[in-house]
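Read-outs: derived from the displayed coordinates by stated rules, not from any lab. In this text, all values refer to a predicted model and were calculated from it rather than measured experimentally. Reconstructed Cβ throughout: ideal geometry from the backbone, glycine too, with neighbour counts over all protein chains shown.
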Amino acid sequence: MNQNKMIHTSGDFSPEEVRLANRNPGMALELMAEDITPVGMHYQLNHFDIPLIDEKTWTLEVNGLVRNTLKLSLEALKALPKHEMIVTLECAGNGRANYEKRKQSMPWFNEAVGNARWSGVRLKEVLRESGWEDSVSEVVFTGADQGLDHGIMHYFARSLKLEKALHPDTLLAYEMNGQPLPVQHGYPLRLIVPGWYGVASVKWLKSIELMDHPFDGYQQAVNYHYRQNPDDPGKPVDEMKLKSLIIPPGIPDWYTRKRFLNQGKVQLSGRAWSGQGRLEKVEIGIDGIWKEASLGKELGRYAWRQWFFEWDAEPGEHIIQSRAFDQDGNYQPDEPEWDESGFGNNMLHSIRVHVDDG
């Protein structure tokens, strides 16, 4: 895996990392107070240049081992039964900057997440129109964005096993929060794979190909694998890990983002989610003492859930932490599990605050 050998670093960010951060904004964590993330605040991670697509000439081609090759306009897709879901998407690299030694890539801390209302047509409805040969095992989704990664030129593409592609919640989305997809989020059509990290939800879709063998595209077969070392063949990134985040309380220092608040009753809040939709509880730690938080309403199987905790804040310096538990007894670890690329970091969230006696 020589092409996967990467530089790990700590300390200041490189100019390349800063440039990526400027191109790929994250969500301000205070916006977790909203059940639905406003379109302009939803995180985005775009590998290559954003393609500018003319809806009037755009079509989605469905080809490969199909009985009927399709070329569908957006109007034709909208004529099919509409399906809507609330889905939390998180970047697989969210938390990369929290590793002591990080891969030089998009330097996410905790902000690469968002929760939106996605509308479109079930993928299985489109595949049913095309039909497929009995030998089909994999479905490939190719976007219109093109570039190089580790010297390999390609259109961004990912695949799903046929069974996952036919899942009733796998969606071809043309609306986000009741509006046409914004250009930065995949206009005019993108894939949404609920419960999986955002990399699976290919944007700016131009084609869907059905095949009878594993897809060997770079972003599928090489990138986006959990690896312990450069020679590890790795395990593909798919379902989102269990996670919770805290809405930063009080007010911030402009530069350091350290939090300041007054003593007394403080309502802490945040969000928690699990790719499998099996969130059980959230605990809040104040200086290492853990207590259970209250959970808010459920927004759907694939959506984050709010939590609340009342804290009687005393003057001084404090560390606030959150950790989520699922129905199988799994919980967020104190420290991240090492990954070569910084994928899947779901360590517990910590915020340092200063409580003033005034």
Förster radius 41 Å - calculated FRET efficiency between Asn262 and Val222, Cβ distance, rounded to 0.05: 0.20
Between Thr57 and Ser350, how many nm apart are label points set 7 Å from Cα along the C-beta direction? 5.5
Region 1-108: which trypsin sites (Lys or Arg not before Pro) are DSSP loop and have at most 12 other beta-carbon atoms within 10 angstrom? Lys5, Lys56, Arg67, Lys101
Principal axis extents for the chain, Cα atoms only, whole Å, descending order, please. 71, 45, 39
What are the ³J(HN,Hα) values, in whole Hz, obtained from phi via the Karplus relation 6.51 cos²θ - 1.76 cosθ + 1.60 with θ = phi - 60°, for each residue of region 233-238 in sequence order, with x given for Gly and Pro? x, x, 10, x, 6, 9
Separation between Cα centres of region 146-174 and region 70-124, rounded to whole Å: 11
Could you give me the ³J(HN,Hα) list for region 113-125, computed from phi with Karplus coefficients 6.51, -1.76, 1.60 and θ = phi - 60°, whole Hz, x at Gly and Pro? 7, x, 10, 10, 9, 9, 10, x, 10, 4, 4, 4, 5
Per residue of the chain, what 222 nm ellipticity follows from adding -39500 (n - 2.57) for every DSSP H run with n ≥ 4, rounded to the nearest 500? -1500 deg cm²/dmol
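Given the peptides 159-166, 201-208, arrange them by the average over their residues of other C-beta atoms within 10 Å, most packed first.
Taking the mean over residues of other Cβ atoms within 10 Å, the ranking is 201-208, 159-166.
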Of the convex hull enclosing the alpha-carbon atoms of region 243-356, the direction-averaged projected area in nm² is 8.0
Report, in debye and to the nearest 20, how large the dipole of the chain comes out about its Cα centre when Lys and Arg carry +1 and Asp and Glu carry -1 on their Cβ. 620
Using only the alpha carbons, work out the radius of gyration and Dmax of region 249-294 in angstrom. 14.0, 38
Tell me, what is the percent relative contact order of region 2-236, built from C-alpha pairs under 8 Å that lie six or more residues apart? 24
Could you let me know the centre-to-centre spacing of region 299-326 and region 182-203, using Cα atoms, in angstrom? 28
Scan around Ser341 for amide H atoms under 5 Å from its own, H built in the peptide plane at 1.01 Å from N, and keep only partners 5 or more places away or cross-chain. Arg227
If I histogram all Cα-Cα distances within region 144-215 using bins 10 Å wide from 0, what percent of pairs lands in each bin? 18, 48, 30, 4
